[in-house]
1. Test of understanding: among Leu94, Leu77, which residue is outside any loop (DSSP other than H, G, I, E, B) and at pLDDT 85 or above?
2. For the structure I just gave you, tell me whether Val33 is closer than 30 Å to Pro86 by Cβ and hydrophobic (A, V, I, L, M, F, W, C).
3. So in the range 60-74, with the set limited to residues that are in contact (Cβ under 8 Å) with a residue 40 or more places away in the chain and outside any helix (DSSP H, G or I), which one is surrounded by the fewest Cβ atoms within 10 Å (Cβ to Cβ)?
4. Across the range 170-193, which residue is farthest from Lys61 (Cα to Cα) among those that are within 12 Å of ligand 2 (Cβ to nearest atom), crowded, with 16+ Cβ neighbours inside 10 Å and of a type in the set (A, V, I, L, M, F, W, C)?
5. So, of the residues in the range 160-195 that are small (Gly, Ala, Ser) and assigned to a loop (DSSP other than H, G, I, E, B), which turns out to be nearest to Leu132 (Cα to Cα)?
6. Go over the candidates Ser195, Ser102, Ser157 one by one and state the one that is in contact with a strand residue (DSSP E or B) (Cβ under 9 Å, 6 or more places away or on another chain) and at pLDDT below 90.
7. From the list Val204, Val154, which one is surrounded by fewer than 18 Cβ atoms within 10 Å (Cβ to Cβ), in contact (Cβ under 8 Å) with a residue 24 or more places away in the chain and either touching a Lys or Arg at 6+ places or on another chain (Cβ under 6 Å) or over 30 Å from Val55 (Cβ atoms) (or both)?
8. Would the range 47-59 turn up any residue that is surrounded by fewer than 16 Cβ atoms within 10 Å (Cβ to Cβ) and either among the hydroxyl-bearing types (Ser, Thr, Tyr) or part of a helix (DSSP H, G or I) (or both)?
Amino acid sequence: IINDDWPGYSLDLFNYPTHYSGDLDCVIIPHGVIMDRTERLARNIMDDLGDHDIVVLCVLKGGYQFCADLVERIKALSRNSNHTIPMRVHFIRLRSYLNDQSTEDLHILGAEDLSFLAGKGIVGTGKTMETLLQHVKAFKPKMIKVAGLLVKRVQHSLASVPDYVGFEIPNRFVVGYALDYNEYFRDLNHICIISESGKKKYKV
Ligand code: HPA
Ligand code: MG
């Protein structure tokens, strides 16, 4: 849990692409911490799974890095256990944000036959997740689990919360680790808070 008064780490403490200097306020979750937490989530997922096959549904674009790293960790754990678990990976594309605002229209592209679901990048309003779950349930999978790296604390209580949560964070717009602001900052490893000048610079 990252509290609302957590000021973050100074950018001077970390390495980040120089093309973003001036565009960020602070680092709120360093890349290494994300990786360690992801490893733990992978273990929790493996413990809960039993010997079900896994169909991973990666929610693009913001979820790609988390999904890729989570899948790697699950593979590593599976390799080192005495029963390996077959895993398939599918992709779905969602888009609901313009600038730093959630928009009404949510686009879903490319869902298929699913029996297990993991790998959602971020849960903001929870609207996205709710819509997607309805969509996935229609395929009648045996078990549905949602993994979200970040959950924002928002005023209204979430209708649904992921089964696996990396970090609970303040209700602020974050970028990095594949999360974007108008397609920028996906190439940043740490999860950061964008600065006012960064918002202006990349506004559409
Ligand atoms: N950053 C980037 N994309 C997002 C966010 C965020 O904070 N919330 C929902 N989509
Ligand atoms: Mg986005």
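1. Exactly one residue qualifies, and that residue is Leu77.
2. no
3. Lys61
4. Val174
5. Checked the range 160-195; the qualifying residue nearest to Leu132 (Cα to Cα) is Ser160.
6. Ser102
7. When all the criteria are applied, what remains is Val204.
8. Start the filter on the range 47-59 by keeping residues that are surrounded by fewer than 16 Cβ atoms within 10 Å (Cβ to Cβ), which leaves 47-48, 50-53.
Next, from what is left, pick out any that are either among the hydroxyl-bearing types (Ser, Thr, Tyr) or part of a helix (DSSP H, G or I) (or both): 47-48.
Within the range 47-59, one or more residues are surrounded by fewer than 16 Cβ atoms within 10 Å (Cβ to Cβ) and either among the hydroxyl-bearing types (Ser, Thr, Tyr) or part of a helix (DSSP H, G or I) (or both).
The values are calculated or read from the model by the stated rules, or taken from the named source; none is laboratory data. On a predicted model such as this, the values are computed, not experimentally measured, just so you know. A quick note on method: Cβ atoms are made from the backbone with ideal geometry, for glycine too, and the neighbour counts reach across all protein chains shown.
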